[in-house]
Every structure is written in structure tokens, then in C-alpha cells.
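Read the figures in this text as sums done on the coordinates, not as results from a lab. Everything quoted here is computed from the prediction, not taken from an experiment. Note: ideal-geometry Cβ built from the backbone for every residue, glycine included; neighbour counts use all protein chains shown.
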């Protein structure tokens, strides 16, 4: 352990993007619209912890992951890594921290350079951040490949010679070759077949235990997140609406949106939760509704929801919900989520 407190800490973090104005906007002197991709988020990730971040496409999950790595600067709030405010660092100081925080990208087909072989792809971070001899660099590359189930026989091969699951393993090896403390996994299995998803989830879990890694695991699949995470944060329209231990969030979800997500998980046996069909479309982040952003789709919404935005408040130990009527949603869900079934991997 390097210091007390969380490894990664986000406090009231926001990220707004300005939309390019049209000619009509300019002629009418209308100000540029702003997309509130992330809107006042508080999160903390301990050393060795996996925090799952789940939500619909476009809710701000990936933007939040990039803010945690300072791949983007926040519009407001602070992001701290091991107690250091990342926004305050100059380029040289930030470069010194980069080996300790890495990312695994969503698309294994787009994230690997097709003109480089595996040794070059996995070894590039070492060239940028580590002073090693050619022999030492090669040994580190082979070790990283062995961690993910590949090996020396794959060094000279190119991305097009691998399956999607094997490509994602190469991306994971590239992220781990610098021995980081923190890894953002940005939907690392969403582009893969279901059986291969289970292999990668199992691999990431094993590496976390063996290497002591902390993860921010981003996904839109609650079943996947539940199998890999210690805690789950549910995001809707740029804000966290439920946060708590995985067991608590899955067994007793208290936000209507979390319950809708859980009810959509395919079941191989009798339904654990009656299917909740949300009506309408998610609101536009350009003009979010007043009050609770979920109220246009919520079956529990009342006048209070339309007028006042609920804040994230703790209901039980470590379990917080942003809902005015969370206390009325108390029925537990007893059956476990369906298991992720992996097929044997033959690299």
C-alpha cells in the first residue's frame, strides 16, 4: 500500500461538451448548447477493488472512465489518483503516473494497430515508459502474454491472425505490461461472443486477484458486472442513481432504473423479477428534464419527482440511492443471476 484512502477518487466531477452551433443559431444569437455527459459524480475506488459501472449507451460511462485516467479534463470537480489531483499535474509529472493507470478498450478489432505484430503492440508502453534493455523488454512482454493465456509463439503474429477473444487478450496484456495499479475496462467484452465473454471476465477476475489490480469495469450488461465487481454503480443520464455492494444491488435493487435493468437479464429458469418495460425514450442530455431525470419513464413517478432532483443518499451500509421513494421499493430478489458459462480456450 502506498497511501491511506482510496486509490481513485472523483468528487463532484462533471464533463460538459459544447455542441457546434448551426448558422441559424448564429443568426439568432443563440448560445451553444451543452451536453452534460457527466454531471456531478462522486465515486471512490479502493486498492484491489473492482467497481462496476453500468448504464445505457450514451449515459456517460466511457466519458467517466476517461476522466478517471485524465484522458479528458473535467469541466468541474476533482479527480485524484493516490491522493494526487490529476488536473494539477504538468506533463512530466502526469507521464510519471501513466504506467500506474491503464485502459482496456471496447473494440479489440479497432484498438490494435494492424501494421504491428504482437511483440510491438504489447511492447510499446515499455518503450514509452520503461528504461529496459531489449532482452528485459522481451521478457516482460512474454510474461504479460503468459498472464493472459498466450505466449512466445504469438510474438511475431499480427492482429488479423487472431480471433476477437485473443485480440482482447492482447489488449489486456498491453495494459498490464507496465504493472499498473488501476485499469479502466471500457466494455471489454461487449464486442465478443457470449462464451468468449465468460473467458475474458474469468481472466480479468483472476488477474485482479493475482496482481492486486483495481478496476473500473464499465458495461451495459448487469449480469457481467455482477460476476466481476465488488460494488456496482448504476448511471443514468450522467449521474449515479444507485451505488452499493454487488450483493445488495442485485438482491435488493432500490432504484426503479436498476430494477428495470435487472428484469431485462435473460433467465434460464423462472423469472426472478417480472419484466419491467420502460416507456418512452431516454431524455436528451442537451435538455434533461427538471427534477429526477428518470421520471418520464418511471412507473413510480409523482409530482415531487418532476419538481425536485433526488440526491444520492445512503439507505443501508454502503448502499446509496437517488430516489425519493426508494424506501417503498423493498422487496428482495432471492434467486442468483444466471452463471456465465465459458467454453475452453485454445489460443
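Worth pointing out:
- Paramagnetic label zone (point 7 Å from Cα along Cα-to-C-beta, residue 115; backbone N under 18 Å) in region 161-175: 161
- Cα convex hull of the chain, projected area averaged across orientations, nm²: 20.5 nm²
- Taking packing as the residue-averaged number of other Cβ atoms within 10 angstrom, the listed peptides 214-226, 133-145 run from highest to lowest as 214-226, 133-145.
- Comparing 193, 303, 85 in a Gaussian network model of the chain, where Cα atoms under 10 Å apart are tied by springs, the biggest mean-square fluctuation is seen for 303.
- Residues 49, 281 arranged by fewest to most Cβ contacts within 10 Å: 281, 49
- Share antiparallel - DSSP beta bridges, region 8-328, percent rounded to 5: 60 percent
- Cα gyration tensor category, rounded, prolate or oblate, for region 20-98 with a/c compared to 1.5: oblate
- Between residue 33 and residue 146, the C-beta separation translates, for a Förster distance of 56 Å, into a calculated FRET efficiency of about 0.65.
- Each peptide in 58-65, 194-201 gets a packing score, the mean of other Cβ atoms within 10 Å over its residues, and the list from highest to lowest is 58-65, 194-201.
- On Cα atoms only, tilt of 118-129 relative to the major axis of the chain in degrees: 80 degrees
- Gyration tensor verdict on region 85-149 (Cα atoms; rounded if a/c is under 1.5, prolate if a/b is larger than b/c, oblate otherwise): oblate
- Length released on extending from residue 130 to residue 303, taking residue separation times 0.36 nm less the Cα-Cα span: 56.5 nm
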